[in-house]
Structure formats: C-alpha cells, structure tokens
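The block underneath contains the structure these notes are about, expressed in structure tokens.
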Amino acid sequence: MKNIRIKLTGSPTLKEASIHQDFHSITLSTQTIQLENLICDPPVHGTVYGTLLNYKGELEALGDQVHNAPYQKPPVAPVLYIKPVNTLSGMHHSIPLPADATHLSVGAALAVVFNETASNVTEQKALDYVLGYTIANDVSIPHDMYFRPAIKQKARDGFCPIGPYIILKEHVKDPDHLTVRVFVNGELKQENTTANLIRSVSKLISDVSSFMTFYKGDVLLIGVPENKPLVQNGDVVRIELEGIGYLENVVQLEEVKG
C-alpha cells in the first residue's frame, strides 16, 4: 500500500487514502474503491506549468528548425507555458473534442506537485519541496508552434485531465527512470521513459525556480514525449506511469451551447 491524496467529486479538500500495489483500487478509511469505478476531481489547486522540448526525442524531431529565424539556436532555458484552471478535469471525465478539430494529441506527462514555496532552490534540494507526483494528459489540438504560446490549441476547456490522485514522493524512488505508456482503446500507442529527459526532474525544478517561485499546490509538468498519439471522438485514452498508476478519460464531441 502506498499513501496518496485524492479529491473525491464534491469534496472541498484532499483526503488521505492508500493505493493498492496493483494500482487498481484504493482504500479510503475502511472503504475499498475500484479505480475503474472512480470519478474524482483534479487533486491539484495551484497553477499548472507545462514544459516544452524537455524530451531528447522531441527536440531532435525539430531538426534544423531550431537554428532558423527568429530563434537561431536550441533553447538554453526551460520553455514554459500555463495550463489554466479551465483546462483541468479529473479521472474518467470526458475530454472535449472542439467542433473545429478532427483530432487531439495526447500529452502524457509526469506532474510534480509542490508542498511548499520553492524559490531559487538547488538541484540537490529540489525534491525537498515536493509533496508528490500525479499523471497529466496535456491535451492539445495538433499544431506546429514552438517557443510561443499556442493558447487556442492548448488552453481549451478540459484540456488537462490530471490525477487520479497524488502519490507521496517517498513512494517514487527515482522520478527520472519511469516508464510512460499511452493506450488508445486498449492498444499501446506510445512508450517512453523519463530517463530521456533533457533536464531531470530536480534540474528542471532548480532551473525554473531560479527565475520564478513555485507555491504550495503548484504543479510542474516535466514534459511530453515525441510522437504524441492522435485521438478522435469516442476514443478511450489511458496513460500509465510506472510506480504511480494510470489516468483514463474518453474523448467526446464538445457540447455546443446555445
């Protein structure tokens, strides 16, 4: 059993619970709940920061583009963006497919949740400021923009399912060596590992905190692997993160409001 924090639908606060070793059920007080039957709210409440180009393969896939105007060279600092609160949703919530899009891309990301204020921290001390880890699906409409905000493509309602819980950091011995898998309708579509990060989790926290402060409850997505799977209406998306569990959502056409 591993200690977690979870936010049940309608609950104003996080609840302490335990996840079973098979990651298929949780124990909350004396009640055991199967994850396949669990609908819960996002277990985070702070600002969610995303990171671009932090997987080696993602940067390599750009090829010579990074040497062209206006940038002239690969990024020398973390490339960040924000997933605003309207994007957040929880386990088994639907992912809306906008009327002006035919497909969405799946962004499987390890999410770091902060437990206290972190400003200008060293790489060696970076994890001291972390509460734990969860899973995020950094959904976007496929696009070719880098180094600038793709707000219309990345900040739509429901474009950041996250959860289903926060697993406390002591249960994840090495966040830099976790297998990441994406399944669509039960078929494996992507597999990678956080060992392929350009900046390790600690290095990324240190580098970002050198110019901005993380506060308790803030979240840092450490990056998304290259070759993001594409999904369409009706697809069931499942992201698995080794040692943490899984996050599952279904894509549904966005409701048109009068």
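Numbers below:
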read-out	value
Identity of the residue in segment 147-171, crowded, with 21+ Cβ neighbours inside 10 Å and of a type in the set (V, I, T), that ends up farthest from N115 (Cα to Cα)	I162
Residue count for segment 1-43, restricted to those that are modelled with pLDDT of 95 or more, part of a loop (DSSP other than H, G, I, E, B) and among the hydroxyl-bearing types (S, T, Y)	0
Residue count for segment 1-33, restricted to those that are over 20 Å from the mean Cα position of the chain (by Cα), within 22 Å of V172 (Cα to Cα) and surrounded by fewer than 19 Cβ atoms within 10 Å (Cβ to Cβ)	10
Residue in segment 202-222 that is part of a loop (DSSP other than H, G, I, E, B) and touching a His at 6+ places or on another chain (Cβ under 6 Å) present	yes
Residue satisfying condition, being in a strand (DSSP E or B) and closer than 30 Å to P78 by Cα, within set G50, G46	G50
Any strands (runs of 3 or more DSSP E) falling wholly within segment 94-148 and containing at least 2 residues that are in contact with a Ser or Thr (Cβ under 7 Å, 6 or more places away or on another chain)	108-114
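Table: residues versus (1) assigned to a strand (DSSP E or B); (2) out of contact with any Asp or Glu (no Cβ under 9 Å at 6 or more places or on another chain); (3) of a type outside the set (S, T, N, Q); (4) surrounded by fewer than 21 Cβ atoms within 10 Å (Cβ to Cβ).
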residue	(1), (2), (3), (4)
K189	yes, yes, yes, yes
V237	yes, no, yes, no
Y246	yes, no, yes, yes
N249	yes, yes, no, no
E255	no, yes, yes, yes
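The values are calculated or read from the model by the stated rules, or taken from the named source; none is laboratory data. Because the structure is a prediction, the values reported are computed rather than measured. All Cβ positions, even for glycine, are placed from backbone atoms using ideal geometry, and neighbour counts span all protein chains on display.
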